[in-house]
Amino acid sequence: MKPSFGKRLTASYLFVVAVTLVITGWLLTPRLKQAFLSQLEQSLAIQTTLVAQVVVSSLHTPPVPAMIESRVLQFAHLTGCRVTLIRADGVVIGDSERSLEEISKMDNHLQRPEVQAALNQGRGESSRFSATLHEDMLYMAAPIAASQGRASGVLRLALPLTEVNHRIAAFQKNLLKAGAAAFVVALGVALVSVRKISRPLRELVTLSGHIGSGKVPETPNVDSRDEFGRLARAFHEMASRIEEKVAELTRERRQLGAMLSSLVEGIVALDHQGRLLFLNPAAEQLFAVRSADAKGRPFLEVLRHSPLNEVLTKTLAERRSVHQEIILHSPEERVISVNALTVDYGDNQTGVLAALHYITELRKLENVRREFVANVSHELKTPLTSIKGYAETLLEGAIDDPKHNRAFLQIIQQHANDLGRLIDDVLDLSTIEAQRVIYRFEPVAVKEVVERIVMALDPMAKGKKVTITTDLPDSLPKVRADREKLAQIVMNLVDNAIKFNKAGGQVRISAEPYEKTLRLQFKDTGRGIPAEDLPRIFERFYRGNKDRSHEIPGTGLGLAIVKHLVEAHHGTLQVQSTPGEGSIFSIVFPIA
Ligand code: ADP
């Protein structure tokens, strides 16, 4: 792992301090050494000249070794140098570092460079390793003046060069101490400033991790006013805005997803290469695939349905909207209207969006409507043809035939009544189906309605010798119904129960409460309904085989109207029948 920004910045600070110290030491050490050396040389030269002046007297008189020795030691003490006295012939006669005995064994010094220079040029200087003292020494020599201007000897002062090295070492030690102090100060400064700088940076890192997760705080956690602080604040503002946008996009996406999911139409979206981008639940169900499995795969591979594939391929290839009806054969036969349009996804990429709409029901309805019109026309035509025929017969002379004219007119009237009933039923049914009927729901006492209808149909029942009995206790709860529509339901059922009854038959109307409903039963002792007719008697214009002969008047619309009205009351309608014995029609109504 890479060291943190703070650690790297601290290391840089310390590196700069260390480099400064090394460069300072490296540059200064030779200069200082030079300076120390020339200072040493200067003072040694002055001392040598002075001592050479003073020492003259020691050599004038015949030299007394003991005296020389004491003088030499005295000068050495005063100057702090090694003092050597050398005769003009090079013989050492005194040395502060050697005893008298040792002096006699010392080399002749005439050829020493400093001695030669002193004798010839008036001053000599040399720095070299001393064989006597075994260390680097700086020598300075001056001639000792004699009476006729000739040098009677040479005075030499010597200082060990280690002195210079000591001073340099002391300087370097101080430099190191200063460096260490600077190091500590730099470390402190670095730590403080790094903390200050890195706080906004840490805030940036935290913020960037939070973007899009809804965790960006409302206010930035930064107080510094410098560039980093400003950067962190600007970043916080940007993060907040991104956060808002992300939230907005997520919301919109969810809304769009919810809308697409709730569509009954199937929606299929393809990208520019014909790969599936999206299938809504309706489309998933239609093609029995899951959107998650299908995404990114070519639609030809996923939607194995050639007519649909043709539509999508055409839309993609020709880049134009295609509308086509297709038929799906499995799992059941369905007619689907496909509307495929091109969609511009940007970057020159045009995809396809297809809406698949079930129109099976629509087609069925169209067929029903067509049949209905054909049926109505047919039903109208029969009585009309009859009316027309009898009217023509009357006009052609039968009107003057007292035997038949009345009978013909009665037939015309009967057919006109049939026509009127048919037209009433058709109008009723069409208004009910078009949901243009306004229902006035209220608590209705079933007994009251049933008795009214029974009374109205009494003449018809008597005519057919059918007895109607009712079993409707006063305690029955009221139902929630539209009084007139309930009457219409009862009227149709009782009318059928009489109409399809046999002479001397019975119709029994009873009711009983069941949980929150009331069950109303119409039981007759008529001819019953064959099992194959049972599922169809509620269809429009459906009449039992025998009834099509018009022996029994009817339109085949009565039960269709009853069924619609019962459903509008949130009720249910059932029929049981035993051919030859009779039928039971039951309706269940919600209690008010
Ligand atoms: P309609 O009575 O005008 O023929 P409906 O829709 O009322 O038309 O009835 C449809 C058919 O159902 C009738 O033609 C008849 O064959 C049969 N049907 C209805 N009610 C009864 C009943 N109570 N007994 C026997 N058959 C019935």
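The values are calculated or read from the model by the stated rules, or taken from the named source; none is laboratory data. This structure is a prediction, so every number in the text was calculated from the model and none was measured. All Cβ positions, even for glycine, are placed from backbone atoms using ideal geometry, and neighbour counts span all protein chains on display. The accessibility values were calculated without ligands, DNA or RNA, using every heavy atom of the protein model including side chains. Shrake-Rupley method; radii C 1.70, N 1.55, O 1.52, S 1.80 Å.
So what is the relative contact order of the chain, in percent, for Cα pairs below 8 Å that sit 6 or more residues apart?
On the way: 865 pairs, mean separation 41.8, N = 592.
Value for the chain: 7 percent.
How long is the gain from residue 318 to residue 460 if the chain were fully straight, where each residue apart is worth 0.36 nm and the alpha carbon distance is subtracted? All intermediate terms of the calculation are to be shown ahead of the outcome.
Details: separation 142, 0.36 × 142 = 51.12 nm, distance 7.10 nm.
This chain segment gains 44.0 nm when fully extended.
Keeping all protein chains in place, calculate the accessible area per residue for the chain (probe 1.4 angstrom), answer in Å². Spell out each step's value before the answer.
Working: 35160 Å² over 592 residues.
Ligands and nucleic acids excluded, the figure is 59 Å² per residue.
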If you average the alpha carbon positions of region 413-430 and of region 23-41, how far apart do those two centres end up, in angstrom? 135 Å
Assuming 0.36 nm per residue, please report the length gained on full extension of the stretch residue 572 to residue 348 beyond their Cα-Cα distance. 74.8 nm
From the cross-link list 478/502; 464/523; 381/502; 465/523; 381/464, which pairs have alpha carbons spaced over 22 Å apart? 478/502; 381/502; 381/464
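Can you tell me the mean projection area, over all orientations, of the convex hull of region 481-592's alpha carbons? Units nm², please.
On the way: hull surface 27.6 nm².
Here the figure is 6.9 nm², rounded to one decimal.
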So the FRET efficiency between residue 128 and residue 100, C-beta based with R0 = 25 Å and rounded to 0.05, is 0.50
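Which value in deg cm²/dmol, rounded to the nearest 500, describes the helix-derived mean residue ellipticity at 222 nm for the chain, given -39,500 (n - 2.57) per DSSP H run of n ≥ 4 and division by the residue count?
Values: 15 runs with 311 residues, N = 592.
Taken over the chain, the calculation gives -18000 deg cm²/dmol.
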Can you send over the solvent-accessible area of residue 577, 1.4 Å probe, protein chains only, in Å² to the nearest 10? 30 Å²
Cut-off under 17 Å on the C-alpha distance; same-chain residues fewer than 8 positions from residue 485 excluded. Which lysines are left, in chain and number order? 447, 563
Taking the alpha-carbon centre of each part, the distance from region 436-489 to region 363-390 in Å is 31 Å
Quick one: accessible surface of residue 342, probe radius 1.4 Å, all protein chains present, in square angstrom to the nearest 10. 50 Å²
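List the trypsin sites (Lys or Arg not before Pro) within region 140-190 that fall in a DSSP loop (any state other than H, G, I, E or B) and whose Cβ has at most 12 other Cβ atoms within 10 Å. Each step should come with its number before you reach the end.
Numbers: sites: 150, 156, 167, 173, 177; in loops: 150.
Passing sites in region 140-190 are 150.
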Once you keep just the Cα pairs under 8 angstrom separated by 6 or more residues, what percentage relative contact order results for region 204-304? 18 percent
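Please sort by residue number the trypsin sites (Lys or Arg not before Pro) in region 397-500 whose DSSP state is loop and whose Cβ has at most 13 other Cβ atoms within 10 Å. Don't skip to the answer; put the middle values down first.
On the way: sites: 403, 406, 421, 436, 440, 447, 452, 462, 464, 465, 478, 480, 483, 485, 499; in loops: 403, 436, 440, 465, 478.
Passing sites in region 397-500 are 403, 436, 440, 465.
Work out the length of the dipole vector of region 63-114 about its Cα centre, built from +1 on the beta-carbon of each Lys and Arg and -1 on the beta-carbon of each Asp and Glu, and round it to the nearest 20 debye. Display every interim value, and only then the final one.
Details: 6 positive and 8 negative charges, 22 e Å.
In debye, rounded to 20, region 63-114 gives about 100.
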Working from the pairwise distances between different alpha carbons, so that the mean of 1/r is found and then inverted, what is the chain's Kirkwood radius in Å? 38.8 Å
Hey, can you grab everything whose amide H is under 5 Å from the amide H of residue 138? Only 5+ residues off in sequence or another chain; H modelled, so Pro and N-termini drop out. 159, 161
To the nearest whole percent, what portion of all C-alpha pairs in region 227-307 is separated by more than 23 angstrom? 44 percent
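At most 13 other Cβ atoms within 10 Å and a DSSP loop assignment: could you name the GluC sites (Glu not before Pro) in region 315-421 that fit? Could you put the intermediate results ahead of the total?
Working: sites: 318, 325, 332, 333, 361, 366, 371, 379, 392, 396; in loops: 332, 333, 396.
Here the sparse-neighbourhood loop sites are 332, 333, 396.
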Tell me, what is the FRET efficiency for residue 297 and residue 237 to the nearest 0.05, using R0 = 41 angstrom and their Cβ-Cβ distance as r? 0.45
I need two numbers for region 368-511: Rg to one decimal and Dmax as a whole number, Cα atoms only, in Å. 19.9, 63
Could you go through region 227-235 in sequence order and give the Karplus-derived ³J(HN,Hα) for each residue, using 6.51 cos²θ - 1.76 cosθ + 1.60 with θ = phi - 60°, rounded to whole Hz, and x for Gly and Pro? 4, 5, x, 5, 4, 4, 5, 4, 5
Under a 5 Å amide H to amide H cut-off, with H placed in plane at 1.01 Å, what residues pair with residue 481 once short-range neighbours are removed? 442, 444
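Which residues make up the longest stretch of the chain that has no chymotrypsin sites (Phe, Trp or Tyr not before Pro) in a DSSP loop with at most 15 other Cβ atoms within 10 Å? If you can, show how the numbers build up before the last one.
Details: sites that count: 345, 439.
The segment 1-344 is the longest one with no such site.
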